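Reading through the structure tokens given below for one structure.
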Amino acid sequence: MSLQELCHGLVVPEDGNVNWEVVDKIFSKACKLATTADGAVARAGFVPVTVKLLQHGIPDPVLEADATFMLWTCMANPGDVDLKDQTRTACFEAGGIEILCRLLTTSESEEVDRCMGRTAKFCSACALWNISRTESLRAALRASGLVHSAGEVVLDVTQDMNLRFFCALILCNLVGEEDAESSALVRFDAMNLVTEALKKAKRGGTQVYGALWHVNKKQSALDGLVMAFRCLCSGDENKARAQGLGAIELMIELMDPRQFDERTQANASEALQHLSFNADVAKYLRSSSQSVDTLKKLAKPDSDLCDRAKDHLRGIFFRFEETSGVNPTPRKKPTQPEKKPRKEAEAEAVDTKSNEKQEEEGWVMLSYNWVHQKTMIAVADTLRAAGFRVWMDISQEEGMNMTGSTIEAMAAAVEGAKLVVVAMSSSYQMSANCRLEAEFALTLRKPIVPLMMETSWKPTGWLGLLLGAKLYIDLSQPSALTAGGKAQELLKEVSRHLNKPVVAVGANGGASQKVVQGARTMTVDQVGQWLQEKGFAQYGETFKQLEVDGEVLFSLNKLGHNWQTFAQLRTDFGVTQPAHALKLMVMIGDLFP
């Protein structure tokens, strides 16, 4: 019998009369298969039908434990990262969060599943922890009341320690340092316990707090534990403790691409970046030549460290440079201009004036966490339709699928911005790169317009201090831009900061679908003329050699305003200066709004 046929056998019939003997046989076989890392059971659709069975009510406590074990393993063991997120989303959409939360708080059964010998209560906690690892589902988990339920378990000393530990991991992923429920993590001493668990689990094949942590350089369970530690490190109080726990050296060790998978590398590097925001940790890191040398080697373009982890390391070095004068990755110093013939000098003077004009215009930069990308694309459309130039990275996931120096591009984007729109959310607050971006904007005294992206949440810690008493525009509802006047409110606030007249928008938020007539049919010579008019005549010859016409510009624009396009302009099109690459990207977007 195929897995699909087995899965169909779990479907609750319309009359509600479930054949529990058949269910027993299916779980007996499928649960063992679910423990493998190929994801076949998850792909067959076992998660939603298992949720429906639990909602229907399973009379046998052993079968109930089997069902929760099935959900836990399906969401933990799929063969690829995308399938993990899809499986967790499928559990959420089927109503799995509510039933798992209920079992976590009400199940008293001591019966265990037939694979690992765990209770339904423990398996529910592990399943909910896996769901909390998918960032886009965290708001729903908070809204479900899970934070309070998990906090009660963590503080209940009569509960099993393994259960309390996994509930603490849930809290690590869901709460900020100053949330009311975070006190449970402090009293539980989560920072110390998670650090010690990591030290044991990194050896691989080890039972730690009731779970088996397999480790290899392709895929491991360890990345979830490192993620919880990374979330803990976003809190300023925990940063101060990390050094004494040996966490700095531990994070560097977990970045070793010869031993650990890419997600573990990425979470460890972001944890270290979070820690580097603490002055004492930064001083300790800078004073350790061995640590700096190791991080430099890992950050090199030709190292085997994943790109996302390299990005976080560059963020550490960038902040060293900005805050202390230490310059591990020095920027190019300007050289004295050479004397040139009069005509050439006059031509350069014209280019300079044009570039100065562009610099005065600047752009509106959107700073956000990728979880809210869909809403922020609508924000960008609204601003562009009103005539504002917009810089927005639309990479699929923060720090991933990027080439070149992301940090260098970020710095140039902030430096060239006249205004920074910050999309506030718990995900933004817990992101090291978002913090680096926002604090750099503050350092350069860029005006900031805050947007609220989540309901029942408010910024605390570093983000709360950075924004102070600024009034925010509430975009937490999906229809906010198209209803309630939020689009007009946004344009009014942006216009106020840029001293421009307010442009009225339509009922749909003002997103324009119009393409500039003729831009796509521009010839190579017309592109060269366009470059000259915009003050970038120095790139005309290169564009001509590459036969860049309107169709090429249109294709380049379709890639979006992201770090990959930025890198392509610099490497493939010869626009070597970061500021010029950013301006050209915005100008191309103006051709095809």
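How would 312, 56 rank on accessible area, largest to smallest, probe 1.4 Å?
The most accessible residue leads, giving 56, 312.
Please find the FRET efficiency linking residue 321 to residue 237, where r is the Cβ-Cβ separation and R0 is fixed at 30 Å, and quote it to the nearest 0.05.
Between residue 321 and residue 237 the formula returns 0.70.
Give the accessible area for residue 189 in Å² (nearest 10); use a 1.4 Å probe, count only protein heavy atoms, and leave out ligands, DNA and RNA.
50
With every protein chain present, what accessible area does residue 523 have (1.4 Å probe, heavy atoms only), rounded to the nearest 10 Å²?
Approximately 70 Å² of residue 523 is accessible to the 1.4 Å probe.
Quick one: length gained pulling residue 36 to residue 477 fully straight, 0.36 nm per residue minus the C-alpha distance?
154.8 nm
Report the relative contact order of the range 130-204, percent, no decimals, based on alpha-carbon pairs under 8 angstrom and at least 6 residues apart.
27
Once you place label points 7 Å from the Cα toward the Cβ at residue 192 and residue 280, how far apart are they in nm?
Here the modelled spin labels are 1.6 nm apart.
Distance from the Cα centre of the range 4-42 to that of the range 105-148, in angstrom?
20
Between residue 551 and residue 577, what's the calculated FRET efficiency when r is the beta-carbon distance and R0 is 30 Å? Round to 0.05.
The computed FRET efficiency comes out at 0.75.
Could you tell me the center-to-center distance, by alpha carbons, between the range 251-277 and the range 534-593 in angstrom?
Computed from Cα coordinates, the inter-centre distance equals 34 Å.
Over the heavy atoms of residue 230, what accessible area does a 1.4 Å probe trace out, to the nearest 10 Å²?
The accessible area comes out at roughly 10 Å².
Ordered by residue, what ³J(HN,Hα) values in Hz, to whole numbers, does the range 8-24 give under the Karplus form 6.51 cos²θ - 1.76 cosθ + 1.60, where θ = phi - 60° and Gly and Pro are x?
4, x, 8, 5, 6, x, 4, 7, x, 8, 7, 8, 6, 5, 5, 4, 4
What relative contact order, as a whole-number percentage, does the range 1-94 give when Cα pairs under 8 Å and 6 or more residues apart are counted?
33
Efficiency by 1/(1 + (r/R0)^6): what FRET value for residue 253 and residue 15, r their Cβ-Cβ distance, R0 = 41 Å, to the nearest 0.05?
0.10
At residue 203 and residue 293, where each label point lies 7 Å from the Cα along Cα→Cβ, what is the point-to-point distance in nanometres?
About 2.9 nm, to one decimal.
Determine the order of 368, 428 by accessible area, beginning with the largest, at a probe radius of 1.4 Å.
Result of the area sort, largest leading: 368, 428.
At 7 Å along Cα-to-Cβ for each site, give me the label-to-label distance between residue 5 and residue 55 in nm.
Label-label distance for residue 5 and residue 55, simple model: 2.8 nm.
The values are calculated or read from the model by the stated rules, or taken from the named source; none is laboratory data. Since this is a predicted model, take the numbers as computed values, not measurements. Note that we place each Cβ from the backbone using ideal geometry, even for glycine, and neighbour counts take in every protein chain shown. To get the accessible areas, we keep the full protein, side chains included, count just its heavy atoms, and leave off ligands, DNA and RNA. Shrake-Rupley method; radii C 1.70, N 1.55, O 1.52, S 1.80 Å.
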